[in-house]
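Below: one structure, written as structure tokens.
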Amino acid sequence: MVKAVQVQSYGGPEVMEVVDLPVAEPGPGQVLMRNTAIGFNFIDTYHRTGLYPLPLPTGLGVEATGIIEAVGDGVADFAVGDKVAAMGGGPSAYCEARLLDAPMVTKLPDGIGERTFAAAMLKGLTSWALLTQTFPLKGGETILVHAAAGGVGLILCQWAKHLGATVIGTVGTDEKATLAKEHGCDHVIVYTKENFTERVREITEGRGVPVVFDSVGQATFEGSLDCLQPLGLLASFGNASGPVTGVDLGILSQKGSLFVTRMTLGTTLAMPGKMTEGVAALAEIIRSGAVKIEINHTYKLDDIQQVHIDAENRKTTGSIIIEP
């Protein structure tokens, strides 16, 4: 038996329960992975609430690192004792151990610790996809990143700075502003004190930016459009304040023939070779020191409800690790 988080019905953090579940021996093409570090991602809250509906009952959590404890028939790429990372395979990473199809697992990159990669894999690959696939930075651009002190935000800002961008970030507090400045932001806007649209226009001398990376959603949607240059791109990749609904497409023409995309990492990684490409790029930029992974909060699996409460109330910065 292993501890695992289960959700029987959609709702608030209280619907998550830590229960004991049996784990079978791996079948053909499967591995048994025992977790050493579990990454929290805001998408976990979307699965819990039903914003992204899943068949119930369900587990939660999309990434973890750990050690291979057993392999099934036909598995040639892994052996018992291998240090690995897993992303996908259905939301079920909030657990002590689980069975996974071997293609969902990758060996831990050389020189990167288990906690670091558990904190970085999904967030880092999201940043890679945004900066190289969604809006490939050439260097010299001025960009806007919302939630710049969050898990994705800190990685995204550092990576964009490394690629030669001037980075404007928005945050909610002075403490988060300091953190964002330390991680690649050239200009930080505390949106609780300043109108971020007006400040972006001031910083860019009225030009606006070619791209806005927005994980906030409803609360920032219209303001983000007003920050864009003509033909600019709003790259939406999250709904921390709620989903964007009821959009009149005419507003895009009125504000400068703008583009909007709703990026989903799974679409990029499903293309041949992209997972390997992304993991290699992420590992290299972490090893180089250009992107530092900030693990600012660590919780136990038994405290999973508090993890979601703190994250949803914006009490956290950087990455969160859950210890099984």
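The values are calculated or read from the model by the stated rules, or taken from the named source; none is laboratory data. If you're wondering where the values come from, they're calculated on a predicted model, not measured in any experiment. Ideal geometry is used to build each Cβ from the backbone, glycine not excepted, and the neighbour counts take in all protein chains shown.
Just name the residue that is surrounded by the most Cβ atoms within 10 Å (Cβ to Cβ) out of those in segment 91-124 that are assigned to a loop (DSSP other than H, G, I, E, B) and of a type in the set (D, E).
Restricting to residues being assigned to a loop (DSSP other than H, G, I, E, B) and of a type in the set (D, E), the top hit is E96.
Would you confirm, using the coordinates I've provided, whether G11 is closer than 21 Å to I304 by Cα and either at pLDDT 95 or above or surrounded by fewer than 16 Cβ atoms within 10 Å (Cβ to Cβ) (or both)?
Yes; evaluated as a whole, the condition is true for this residue.
Take segment 254-280 and flag every residue that is within 20 Å of the chain's Cα centre (by Cα), within 17 Å of S236 (Cα to Cα) and assigned to a loop (DSSP other than H, G, I, E, B).
Correct list: M263, T264.
Which one is surrounded by the most Cβ atoms within 10 Å (Cβ to Cβ) among residues in segment 310-324 that are acidic (D, E) and more than 16 Å from the chain's Cα centre (by Cα)?
Of everything passing the filter in segment 310-324, D310 is surrounded by the most Cβ atoms within 10 Å (Cβ to Cβ).
Of the residues E17, E25, which is part of a loop (DSSP other than H, G, I, E, B), out of contact with any Gly (no Cβ under 6 Å at 6 or more places or on another chain) and in the same structural domain as D302 (by TED's automatic domain parsing)?
E25
For segment 281-309, how many residues meet the condition of being in a strand (DSSP E or B) and either within 19 Å of the chain's Cα centre (by Cα) or within 16 Å of M121 (Cα to Cα) (or both)?
So the count comes out to 5.
Could you check, for segment 240-250, whether at least one of its residues is assigned by TED's automatic domain parsing to the domain that holds G139, assigned to a helix (DSSP H, G or I) and over 25 Å from G139 (Cα atoms)?
Checked against the condition, which is being assigned by TED's automatic domain parsing to the domain that holds G139, assigned to a helix (DSSP H, G or I) and over 25 Å from G139 (Cα atoms), segment 240-250 yields at least one hit.
List, please: which pairs have Cβ atoms under 7 Å, are six or more places apart or on different chains, and start with a residue in segment 216-228 that is assigned to a loop (DSSP other than H, G, I, E, B) and end with one that is of a type in the set (V, I, T)?
G217/V244; Q218/V244; C227/T197; C227/V200; C227/V209; C227/V212
Of these, A129, A85, A149, which one is over 30 Å from L258 (Cα atoms), touching a Leu at 6+ places or on another chain (Cβ under 8 Å) and in contact (Cβ under 8 Å) with a residue 12 or more places away in the chain?
A85
Given the options V71, V23, V31, name the one that is buried (at least 17 other Cβ atoms within 10 Å of the Cβ), touching a Cys at 6+ places or on another chain (Cβ under 9 Å) and either among the basic types (K, R) or more than 23 Å from I295 (Cβ to Cβ) (or both).
When all the criteria are applied, what remains is V23.
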